[in-house]
Amino acid sequence: MSGTAGRRLVVSVSGRHVPAAARGLGRWLIGAGPASAAGMVDIALVSDSRMRQLNREFRGVAKATDVLSFPASDEPPAPGTRARTGHADEPLGDIAIALGVAERQAREQGHALRTELRILALHGLLHLLGYDHEKDNGRMRRVEDRLRRRAGLPAGLIARAGRVRQT
């Protein structure tokens, strides 16, 4: 697990094959995420076939996607607020990232896999924090844009939505 003094977010990264590009992803997300983020987050780096299974099971879509978020609670916190208790030992949820999709998207976008993993992890964290770009009239996009600019990242997933994405 990774931690930063004074922050209330704890992030662990796991997977069958964790590439060097994912080293430090948890620490990075703790620093790049919103200050309001609190709780434990597990990031699983999965194969495209596993992501296809997850996407079919939970969203009814029979193809791999880049990132899925699974809140620990049926009622995630209101966007922009702390988790229910604001404690780092409270589960916030899980994020699954498809490595193959991330690698293809990194190539298509002309940046490193490390950069794409950061973009996907940040996007997934925002969903765990209650943001939903399909329903929030641009609120998640504004937060994602602000955080990715602060972290020195190129266009986020929502900004890239107009382009064709490999899924």
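The values are calculated or read from the model by the stated rules, or taken from the named source; none is laboratory data. Note that this is a predicted model, so its numbers are computed, not measured. Cβ placement follows ideal geometry from the backbone for every residue including glycine, while neighbour counts extend to all protein chains displayed.
Each residue in segment 113-150 was checked for being free of Cβ contacts under 8 Å to residues at least 24 places away in the same chain, surrounded by fewer than 19 Cβ atoms within 10 Å (Cβ to Cβ) and under 11 Å from Gly33 (Cα atoms), and 1 pass.
Taking the criterion of being farther than 15 Å from His127 by Cβ, assigned to a loop (DSSP other than H, G, I, E, B) and touching a helix residue (DSSP H, G or I) at 6+ places or on another chain (Cβ under 8 Å), the residues of segment 28-69 that qualify are Ser47, Val61, Ala62, Lys63, Ala64.
Conditions (1) surrounded by fewer than 18 Cβ atoms within 10 Å (Cβ to Cβ); (2) touching an Asp or Glu at 6+ places or on another chain (Cβ under 6 Å); (3) at pLDDT below 70, marked per residue:
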residue: Leu68; (1), (2), (3): no, no, no
residue: Thr85; (1), (2), (3): yes, no, yes
residue: Ile95; (1), (2), (3): no, no, no
residue: Gly100; (1), (2), (3): yes, yes, no
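Yes or no, residue by residue, for (1) modelled with pLDDT of 90 or more; (2) among the acidic types (Asp, Glu); (3) out of contact with any Leu (no Cβ under 8 Å at 6 or more places or on another chain):
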residue	(1), (2), (3)
Ser49	yes, no, yes
Asn55	yes, no, no
Phe58	yes, no, no
Ala62	yes, no, yes
Pro71	yes, no, no
Asp74	no, yes, yes
